[in-house]
Amino acid sequence: MNVLITGASVGFGKEIAKVVCEKIKDSNFILLARRGELLKEVESELKAIRSDVKVELIVSDVLDFANLESKLKDKTIDVLVNNAGLALGQDLAQECSFKDWERMIDVNVKGLSFMTNLVLPGMVKRNNGHIINLGSTAGSYSYAGGNVYGGTKAFVEQFSKNLRADLLGTKIRVTNIKPGLCEGSEFSLVRFKGDKSRVKDTYNNANALTPKDIAEAIYFALSQPARVNINSIELMPVTQASAGLKVIKNEL
Ligand code: 8X3
């Protein structure tokens, strides 16, 4: 089984590779990310888990379309994990920079759509494949500062559902994984642009999800019998919930 993971150098991507490598004995990997040195470390970790695993590394941005097209055009991909994505900022919409919004739209929407568009025809031709998209609870629930980030993840949700509609009659499966608060990746460090105290505040005493929790959810979707499509898995730490609407009681 050939598994292509984007954003594979750290965090969720790395953990997904490790869990799948360990639990699916015939899994081989194409790991894609911008940072080659970190990818090499993931490769070593996978080889330590299973010495017979085949690993190919592609050092690229998911937006480098020409490079990815040439590197991936002849590959057989059985599983595409669209993991690359980011949040930039958690400010109120009126205070955000459009550059941040644009980057989130580029990676989370354009990058994910491009990878899917590239890999899907081969899957359909072989009548085999599973697309795992990394959505978010932020695509289903609103919160202040979620603005465009949540919007891109709502795209992932609807895109995943629409893919299922288009793929009806094939054996290809599509799953949207929607994590809530998760610690142990670079997500918040990127979101808060290196501000470690905001990262600390975010996770302090929250007992948040871990990348392993996300990877195990993905393994669950992958390991179902071929007749079962897990449409989505939404997971939050027990300490997090959508806690209803609120009213500000003053005169506006
Ligand atoms: C990230 C989940 O709660 O930080 O996708 O927005 S949250």
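At R0 = 30 Å, how high is the FRET efficiency between residue 50 and residue 226 if r is their beta carbon distance? Nearest 0.05 is fine.
According to the calculation, E is roughly 0.80.
What number comes out for the charge environment of residue 77, summing +1 per Lys or Arg and -1 per Asp or Glu over other residues with Cβ under 14 Å away?
+3
List the aspartates and glutamates whose Cα lies under 20 Å from the Cα of residue 161, skipping any in the same chain that are fewer than 8 positions away.
Partners found: 78, 234.
Identify all aspartates and glutamates with a Cα-Cα distance to residue 40 below 12 Å; exclude those on the same chain that are fewer than 8 residues away in sequence.
Correct list for residue 40: 56.
Students sometimes get this wrong: rank 203, 141 by accessible area, probe 1.4 Å, all chains present, largest first.
From most accessible down to least: 141, 203.
Name the residues of the range 125-146 whose amide N is less than 16 Å from a point 7 angstrom out from the Cα of residue 103 along the C-beta direction?
No residues fall inside that zone.
Quick one, could you list the DSSP H helices from the chain stretching 15 Å or more along their long axis (Cα atoms) with average Kyte-Doolittle hydropathy of 0.0 or above?
TM-like helix candidates: 11-23, 112-126, 211-222.
What residue among 93, 154, 33 shows peak mean-square fluctuation when the chain is described by a Gaussian network model with Cα springs under 10 Å?
Of 93, 154, 33, the Gaussian network model singles out 93 as fluctuating most.
Between the range 105-161 and the range 24-57, how many Å separate their Cα centres?
Centre-to-centre (Cα) distance: 24 Å.
Going through the cross-link list 23/193; 75/196; 25/75; 18/193; 99/212, which pairs have a Cα-Cα distance over 29 Å in this structure?
The pairs that break the limit, which is 29 Å between Cα atoms, are 23/193; 75/196; 99/212.
For the chain, what is the accessible area per residue in Å² when the probe is 1.4 Å?
Per residue, the chain has an accessible area of 51 Å².
Would you kindly find the accessible area of residue 73, with a 1.4 Å probe and non-protein molecules such as ligands, DNA and RNA excluded, rounding to the nearest 10 Å²?
Near enough 140 Å² of accessible area.
Using the basic label-point model (7 angstrom from Cα toward the beta carbon), what is the residue 238 to residue 95 distance in nanometres?
Simple spin-label model gives 3.4 nm for this pair.
Under 16 Å between alpha carbons, and skipping anything fewer than 8 positions from residue 110 in its own chain: which aspartates and glutamates qualify?
Straight-line reach from residue 110, under 16 Å: 61, 64, 69, 100, 102, 157.
Which percent of the accessible area of the chain is formed by carbon and sulfur heavy atoms (probe 1.4 angstrom)?
Roughly 52 percent, rounded to a whole number.
The values are calculated or read from the model by the stated rules, or taken from the named source; none is laboratory data. The structure presented is a predicted model; accordingly, all values stated were derived computationally and were not measured. In this analysis, Cβ positions are derived from the backbone assuming ideal geometry, glycine residues included, and neighbour counts consider all displayed protein chains. These accessible areas exclude ligands, DNA and RNA; they are computed on the full protein's heavy atoms, side chains included. Shrake-Rupley method; radii C 1.70, N 1.55, O 1.52, S 1.80 Å.
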